[in-house]
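The values are calculated or read from the model by the stated rules, or taken from the named source; none is laboratory data. Note that the structure is predicted; figures quoted are calculated from it, not measured. Neighbour counts are summed over all protein chains in view; Cβ atoms, including those assigned to glycine, are modelled from backbone coordinates with ideal geometry.
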């Protein structure tokens, strides 16, 4: 029936029922369909989780919740009883990723996502799913409550959510508390899923002429030592510090990177609970500064960060994928071992699919697909190496590296090692699986060079040996994982020790980033 037909039918019914009236309205709500064909106001009689029973001038109506959005202060806060899955935690995921991820999931399972909506009053994002593109049965719904990362774990512990969203990894204390409650081993791959990467960017008001900011100056601003932009070469303008509430993933990663995990007393600040509010505040205050997820820049001015070695960088997809941008993190979903839900299984499987990767990129985050960067003779990397210092022996090693780079591209897949470690962690094995898939699609004659690097601790020549050994470790793991899938490629290993650092060696963070094995590809 067309929208016109429905309106005509409603008008006719109204004439028939005129004068009959209804009982006094107690809880008044309005139900609207997305296509505008239904707009009904009346008294909420009952909500059973899937159907609204509402008393109107047309009589008592029963309306499927999946087809409408409820408006009004009396809409049931338990509107989320319809939800088979409850999500809670990081707003980076809840606000920034879940709306599009929900739509992508609906396509993935050939369902209609129904009346997706946001309930600002209760801080919720709602969605329900109906099979066969909306023509089948209802198969459940989601409720997403975006707050801060720590809530992912407190709410899992209290059994108030089914899936915890976090922009940081669970802490040992949180994992132990959940395990003691019967939730299982939270870092097991079946319970801990890494769904995306994210860069934290420093933003200021678009009117601010400052063009970059150093890690040291960030530390001084947020500790109250620098209070006016004129102290950093900018205008005479008081700095308005925007910071995050305790428990936020942004606060955790910022303190780890800027202060090494031991922040001093914070400067007077405007405390916010969401990335969106932080960006909105920066855009409204000329002197403001904040650190937000890259997906929430919202028109503010993003500043390149100058690291301890004087290297300036804004995040790009490749630098985030390789882990070489100064302030970045991974985004996680956590479940308990006791969760036994078919809708949950299907959704969690989807989050690591190729379809989800497209949604992740569309949302402004970074997926785990393999990216490529040229590093030929005309590349920025070759130019940097051409000016590298060192003695004659070291310059010879640099020249050999440049020669081996010629005609190659670097893949974003990068393997890292803890100090003294000779084995890949779980993240490394996931990267290995993605690399196998990428290499299995390469044409015959492809050459793969696994190239090891070290930090600058210790002597130069032993570091050469260590870097080569780590490349060998990755090569053996790659051969074991790939097997016959790698029939079109040949693999060799190289080691260049501490040359070509991608971060500063004077911090533990920088040394960790420099201990790596890169993947170079050439044809023929």
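Yes/no per residue for (1) assigned by TED's automatic domain parsing to the domain that holds residue 312; (2) under 26 Å from residue 100 (Cβ atoms); (3) outside any loop (DSSP other than H, G, I, E, B); (4) modelled with pLDDT under 95:
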site	(1), (2), (3), (4)
207	yes, no, no, no
220	yes, no, yes, no
226	yes, no, no, no
230	yes, no, yes, no
241	yes, no, yes, no
246	yes, no, no, yes
258	yes, no, yes, yes
Quick check on my filter: what residues within the range 114-147 are in a helix (DSSP H, G or I) and at pLDDT below 80?
133, 134
Residue 150 vs (1) surrounded by 22 or more Cβ atoms within 10 Å (Cβ to Cβ); (2) in a helix (DSSP H, G or I); (3) in the same structural domain as residue 254 (by TED's automatic domain parsing): all pass except (3)
Sole miss for residue 369 among (1) within 31 Å of the chain's Cα centre (by Cα); (2) at pLDDT below 90; (3) in a helix (DSSP H, G or I) is condition (3)
Sort through 211, 230 and tell me the only one that's touching a strand residue (DSSP E or B) at 6+ places or on another chain (Cβ under 8 Å) and surrounded by fewer than 19 Cβ atoms within 10 Å (Cβ to Cβ).
211
Test residue 65 against the criterion of being in contact with a helix residue (DSSP H, G or I) (Cβ under 7 Å, 6 or more places away or on another chain), surrounded by 15 or more Cβ atoms within 10 Å (Cβ to Cβ) and at pLDDT 80 or above, and give yes or no.
no
Quick one: which of 327, 270 is touching a helix residue (DSSP H, G or I) at 6+ places or on another chain (Cβ under 8 Å) and buried (at least 20 other Cβ atoms within 10 Å of the Cβ)?
327
So residue 355 fits all but one of (1) touching a helix residue (DSSP H, G or I) at 6+ places or on another chain (Cβ under 6 Å); (2) modelled with pLDDT of 90 or more; what number is the exception?
(2)
For residue 461, which of the numbered conditions (1) more than 23 Å from residue 511 (Cβ to Cβ); (2) touching a helix residue (DSSP H, G or I) at 6+ places or on another chain (Cβ under 9 Å) fails to hold?
(1)
Scan the range 392-400 and give yes if some residue there is assigned to a loop (DSSP other than H, G, I, E, B), farther than 30 Å from residue 165 by Cβ and not assigned by TED's automatic domain parsing to the domain that holds residue 310, otherwise no.
no
If the Cβ limit is 6 Å and pairs must be 6+ apart or interchain, which residue in the range 282-301 that is without any contact (Cβ under 8 Å) to a residue 24 or more places away in the chain pairs with which residue that is buried (at least 20 other Cβ atoms within 10 Å of the Cβ) and in a helix (DSSP H, G or I)?
298/279
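To keep it simple, each residue is scored yes or no on (1) assigned to a strand (DSSP E or B); (2) under 15 Å from residue 290 (Cβ atoms); (3) touching a helix residue (DSSP H, G or I) at 6+ places or on another chain (Cβ under 7 Å); (4) not assigned by TED's automatic domain parsing to the domain that holds residue 506.
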site	(1), (2), (3), (4)
161	no, no, yes, yes
189	no, no, yes, yes
197	yes, no, yes, yes
234	no, no, no, yes
Which of the residues belonging to the range 405-427 are free of Cβ contacts under 8 Å to residues at least 24 places away in the same chain and surrounded by 12 or more Cβ atoms within 10 Å (Cβ to Cβ)?
421, 425
Of the conditions (1) in a loop (DSSP other than H, G, I, E, B); (2) buried (at least 16 other Cβ atoms within 10 Å of the Cβ); (3) on the phi < 0 side of the Ramachandran plot, residue 262 fails just one. Which one is it?
(2)
Restricting the range 284-311 to residues that are touching a helix residue (DSSP H, G or I) at 6+ places or on another chain (Cβ under 9 Å) and part of a loop (DSSP other than H, G, I, E, B), which is surrounded by the fewest Cβ atoms within 10 Å (Cβ to Cβ)?
299
More than 30 Å from residue 107 (Cα to Cα), over 15 Å from the mean Cα position of the chain (by Cα) and part of a helix (DSSP H, G or I), is that true of residue 347?
no
